[in-house]
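Asks: Sharing a structure with you now.
The values are calculated or read from the model by the stated rules, or taken from the named source; none is laboratory data. In this text the structure is predicted, and so the values were computed from the model without any measurement. As a convention, Cβ positions derive from the backbone with ideal geometry for all residues, glycine included, and neighbour counts pool all protein chains shown.
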Amino acid sequence: MLGSGKKTATHKGFIRKVLFNSQGFPIFLVCTVLAILFVLFRMKVVELDYGINDLNKKIDQVRVEQKELNAQKSRLLSVKNLRNMAARHNLNQPRRDQIIVIPKTDETSND
């Protein structure tokens, strides 16, 4: 038991000699700074990863909403629905001279 106390004192003295002398202290300081920087960078990476995951969830939600809106648009523009609306509002079929065909361009093809 007494020997272990002496070893602890010897280790403390050795650590003080190595770390707090003119050659050991700069090395200790550099290692400490590098360890702190490593931890900070890892924390930033985790923070950015959470941000990326949140953005991916929002993108998925917007894609689902876009699909729902496209389905609703298709239902509203269906021939059956348009004919029902025309009948409700007392509209007649257009004559041939009233029909104008507009060619699709890059701007209108996304609709």
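Asks: Asn90 versus (1) at pLDDT below 90; (2) at positive phi; (3) not acidic (Asp, Glu): which is the lone unmet condition?
Replies: (1)
Asks: Follow-up. I need the full set of residues from the range 65-80 which are over 33 Å from the mean Cα position of the chain (by Cα) and of a type outside the set (Lys, Arg), in order please. Let's see the steps before the verdict.
Replies: Start the filter on the range 65-80 by keeping residues that are over 33 Å from the mean Cα position of the chain (by Cα), which leaves 76-80.
Within the range 65-80, Leu76, Leu77, Ser78, Val79 qualify.
Asks: Filter the range 33-58 for residues that are small (Gly, Ala, Ser) and under 8 Å from the mean Cα position of the chain (by Cα) and give the result.
Replies: As a first pass, look at the range 33-58 and keep what is small (Gly, Ala, Ser): 35, 51.
Matches in the range 33-58: Gly51 only.
Asks: Moving on to the next point. From the list Arg83, Arg96, Arg88, which one is more than 43 Å from the chain's Cα centre (by Cα) and surrounded by 10 or more Cβ atoms within 10 Å (Cβ to Cβ)? First the steps, then the outcome.
Replies: Values: Arg96 fails: surrounded by 10 or more Cβ atoms within 10 Å (Cβ to Cβ); Arg88 fails: surrounded by 10 or more Cβ atoms within 10 Å (Cβ to Cβ).
Going through Arg83, Arg96, Arg88 in turn, the sole match is Arg83.
Asks: Right, next: I'd like the full set of residues that are of a type outside the set (A, V, I, L, M, F, W, C) and part of a helix (DSSP H, G or I), limited to the range 11-39. Step through it out loud before you land on a result.
Replies: In the first step, residues of the range 11-39 are kept if they are of a type outside the set (A, V, I, L, M, F, W, C); the result is 11-13, 16-17, 21-24, 26, 32.
Across the range 11-39, the qualifying residues are His11, Lys12, Gly13, Arg16, Lys17, Gly24, Pro26, Thr32.
Asks: For the range 82-101, what are the residues that are closer than 24 Å to Gln72 by Cα and assigned to a helix (DSSP H, G or I)?
Replies: Leu82, Arg83, Asn84, Met85, Ala86, Ala87, Arg88 - these are the residues of the range 82-101 that are closer than 24 Å to Gln72 by Cα and assigned to a helix (DSSP H, G or I).
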